[in-house]
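Note sheet for the following structure.
The values are calculated or read from the model by the stated rules, or taken from the named source; none is laboratory data. Computed from a predicted model, the values in this text were never measured in an experiment. All Cβ positions, glycine included, derive from the backbone under ideal geometry; neighbour counts span all protein chains shown.
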């Protein structure tokens with residue numbers, strides 16, 4: 001009998017937790033399992049084996065219980081088709097979903113959290129890697145945290161659906177983020193500093209930027225996980241306006257304001273040239289003067 005128990009093995013901690021749950025309710029009437037909540041995986045497996053040996057089941061009973069429990073474990077897993085949404089999702093969704101769950105976890109003391117305190121399924125705190133440095137790592141971590149939760153398949157599917165529904169609502173808001181370029185390191189660094197100053201804190205609960213690409217996603221994720229849509233809109237308006245002003249100031253850094261009197265006819269002609277060439281009157285004057293200087297006027 002002991003050899004059957006000793007050969008027990010589990011692929012993930014969620015399987016161990018489900019096995020413990022089935023033992024607790026089907027073999028031990030819910031008693032004597034409180035201490036397992038703070039055990040690591042290795043200790044839990046040792047506990048399972050010791051408990052099964054103490055129960056003195058017949059070989060038939062033991063094999064039947066293991067077989068039935070393994071079936072329950074298999075049925076609780078999301079299959080490839082059910083995970084397809086995550087595999088096909090864009091980077092912005094992955095970063096938002098991971099940041100959302102990370103924030104919930106940081107505010108929870110339990111190993112298992114009830115996402116957003118609503119009807120979301122439980123997410124395994126231990127399996128959400130909070131130190132990911134790429135979108136692919138966050139995707140894998142996100143899937144693992146849902147897949148390895150000690151819940152039934154329906155609950156896991158509900159978590160996925162809730163994330164999808166909430167993301168649809170966020171996308172509807174159409175926040176103005178087009179001005180920010182993932183390829184512009186200087187812009188991303190400026191925007192990150194602006195975000196920190198605006199919120200009076202480092203948004204450390206989200207993505208920790210390790211380079212310009214991750215800094216870009218850290219900014220986007222911080223906006224997508226803002227406390228309210230209205231707050232996010234106000235911030236986007238503020239930061240895009242501040243960037244436009246910065247660009248304008250930078251372009252004027254080598255210029256001085258001059259006051260000259262021109263005839264109405266000359267002003268009208270300047271405006272017409274400006275309109276036809278789609279450039280500012282200042283640029284028109286600069287080009288005319290540069291050409292005249294070059295030709296020795």
Does the stretch 56-115 hold any residues that are at pLDDT below 85, part of a loop (DSSP other than H, G, I, E, B) and surrounded by 13 or more Cβ atoms within 10 Å (Cβ to Cβ), and which are they? 76, 77, 78, 82, 83, 108, 111
Residue 270 vs. criteria in a helix (DSSP H, G or I) and under 28 Å from residue 103 (Cα atoms): no
Answer with yes or no whether residue 148 is in contact with a strand residue (DSSP E or B) (Cβ under 6 Å, 6 or more places away or on another chain), surrounded by 14 or more Cβ atoms within 10 Å (Cβ to Cβ) and not assigned by TED's automatic domain parsing to the domain that holds residue 17. yes
For residue 159, indicate whether it is outside any loop (DSSP other than H, G, I, E, B) and within 30 Å of residue 16 (Cα to Cα). yes
Subset of the stretch 246-265, residues part of a helix (DSSP H, G or I) and either surrounded by fewer than 11 Cβ atoms within 10 Å (Cβ to Cβ) or touching a helix residue (DSSP H, G or I) at 6+ places or on another chain (Cβ under 9 Å) (or both), comes to 246, 248, 249, 250, 251, 264, 265
Which of the following residues is in a helix (DSSP H, G or I) and within 18 Å of the chain's Cα centre (by Cα): 208, 169? 169
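Condition check ((1) in the same structural domain as residue 195 (by TED's automatic domain parsing); (2) at pLDDT 80 or above) across all residues:
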site: 231; (1), (2): yes, yes
site: 235; (1), (2): yes, yes
site: 239; (1), (2): yes, yes
site: 258; (1), (2): no, no
site: 268; (1), (2): no, yes
site: 271; (1), (2): no, yes
site: 279; (1), (2): no, yes
site: 285; (1), (2): no, yes
Selected residue (only one of 220, 196 is in contact (Cβ under 8 Å) with a residue 24 or more places away in the chain and either assigned to a helix (DSSP H, G or I) or assigned by TED's automatic domain parsing to the domain that holds residue 96 (or both)): 220
Considering only the stretch 53-69, I want to know if a residue exists there that is free of Cβ contacts under 8 Å to residues at least 60 places away in the same chain and within 36 Å of the chain's Cα centre (by Cα). yes
Candidates 153, 163 - the one that is modelled with pLDDT of 85 or more, outside the structural domain of residue 234 (by TED's automatic domain parsing) and at negative phi: 163
Residue under question is residue 29, and the condition is that it be assigned to a loop (DSSP other than H, G, I, E, B), out of contact with any helix residue (DSSP H, G or I) (no Cβ under 6 Å at 6 or more places or on another chain) and outside the structural domain of residue 152 (by TED's automatic domain parsing); does it hold? yes
Quick test of your reading of the structure: residue 15 fulfils all but one of (1) more than 23 Å from residue 59 (Cβ to Cβ); (2) under 30 Å from the mean Cα position of the chain (by Cα); (3) surrounded by 15 or more Cβ atoms within 10 Å (Cβ to Cβ). Name the failing condition by number. (1)
